[in-house]
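Read through the structure below, which is laid out as structure tokens, and then see the notes.
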Amino acid sequence: MNFKISKIQHVGIPVTELKTSVEFYSKLGFTEAMRAQFDHNDEKGNVVMMQSGEVIMELYEFPAKDLEEIRSRSHGHIDHIAFDVEDVEAVFKELQAAGYEIQEDAPVFLNFWDKGCKYFNIVGPDGEQLEFNEIL
């Protein structure tokens, strides 16, 4: 591969009550680095990035009608591991050419951070989601 993963970008955790989770991670020394909304099944969900040093936890809450999706998970609540990359478009093309199972048709823009970010996910051998993320 021609790209370099520089570090784990964040760990994504779906939560059932964002306020409670933010308070929990705050008590562990995390501070709020970013707050935004996202689209999920034609409604808005909420996300907060909590940071302590270089560790970032993405706490996200689906719209109320979809919270049961989180509560009913039997495999735990860590959803994905995200890696920082310098050029998400180039990484996407390289992994696509190499035959990896990519979940998106192209890198997805999110209005997170100051200027946004782009990401895409691949599926690992046991179904784990690995996200490649470029903060713009």
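The values are calculated or read from the model by the stated rules, or taken from the named source; none is laboratory data. For clarity, every value in this text was computed on a predicted model and none was experimentally measured. Quick reminder, even Gly has a Cβ in these numbers, built from the backbone with ideal geometry, and neighbours come from all protein chains shown. Quick note on the areas: whole protein, heavy atoms, side chains included, nothing else; ligands and nucleic acids left out. Shrake-Rupley method; radii C 1.70, N 1.55, O 1.52, S 1.80 Å.
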Flagged in the range 110-134 as without any contact (Cβ under 8 Å) to a residue 60 or more places away in the chain, within 19 Å of residue 48 (Cβ to Cβ) and under 14 Å from the mean Cα position of the chain (by Cα), in numbering order, are 116, 117, 119
Of the residues that sit in the range 7-20 and are touching a residue at least 40 places away in the same chain (Cβ under 8 Å) and not in a loop (DSSP other than H, G, I, E, B), which one is nearest to the chain's Cα centre (by Cα)? 12
For the range 86-116, which positions are in a strand (DSSP E or B) and open to solvent by less than 60 Å² (accessible area, probe 1.4 Å)? 102, 108, 110
Please determine whether any residue of the range 47-59 is more than 20 Å from residue 111 (Cα to Cα), assigned to a strand (DSSP E or B) and either open to solvent by less than 80 Å² (accessible area, probe 1.4 Å) or among the hydrophobic types (A, V, I, L, M, F, W, C) (or both). yes
Name the single residue, out of those in the range 1-13 being of a type in the set (A, V, I, L, M) and open to solvent by 70 Å² or more (accessible area, probe 1.4 Å), that is farthest from residue 133 (Cα to Cα). 1
Quick test for you: out of 44, 4, pick the one residue that is out of contact with any helix residue (DSSP H, G or I) (no Cβ under 6 Å at 6 or more places or on another chain) and either β-branched (Val, Ile, Thr) or part of a strand (DSSP E or B) (or both). 44
Quick check, is residue 133 open to solvent by less than 50 Å² (accessible area, probe 1.4 Å), under 13 Å from residue 3 (Cβ atoms) and touching a strand residue (DSSP E or B) at 6+ places or on another chain (Cβ under 8 Å)? yes
Does residue 83 meet the test of being part of a strand (DSSP E or B), in contact with a Phe, Trp or Tyr (Cβ under 6 Å, 6 or more places away or on another chain) and hydrophobic (A, V, I, L, M, F, W, C)? yes
With respect to the numbered conditions (1) within 13 Å of the chain's Cα centre (by Cα); (2) under 18 Å from residue 7 (Cα atoms); (3) in contact (Cβ under 8 Å) with a residue 40 or more places away in the chain, which one is the sole condition not fulfilled by residue 86? (1)
Out of all the residues in the range 64-80, is one or more at pLDDT below 90, open to solvent by less than 40 Å² (accessible area, probe 1.4 Å) and assigned to a strand (DSSP E or B)? yes
Can you spot a residue in the range 117-130 that is among the acidic types (Asp, Glu), more than 25 Å from residue 35 (Cα to Cα) and open to solvent by 60 Å² or more (accessible area, probe 1.4 Å)? yes
Could you tell me which of the residues 31, 16 is open to solvent by less than 60 Å² (accessible area, probe 1.4 Å) and polar (S, T, N, Q)? 16
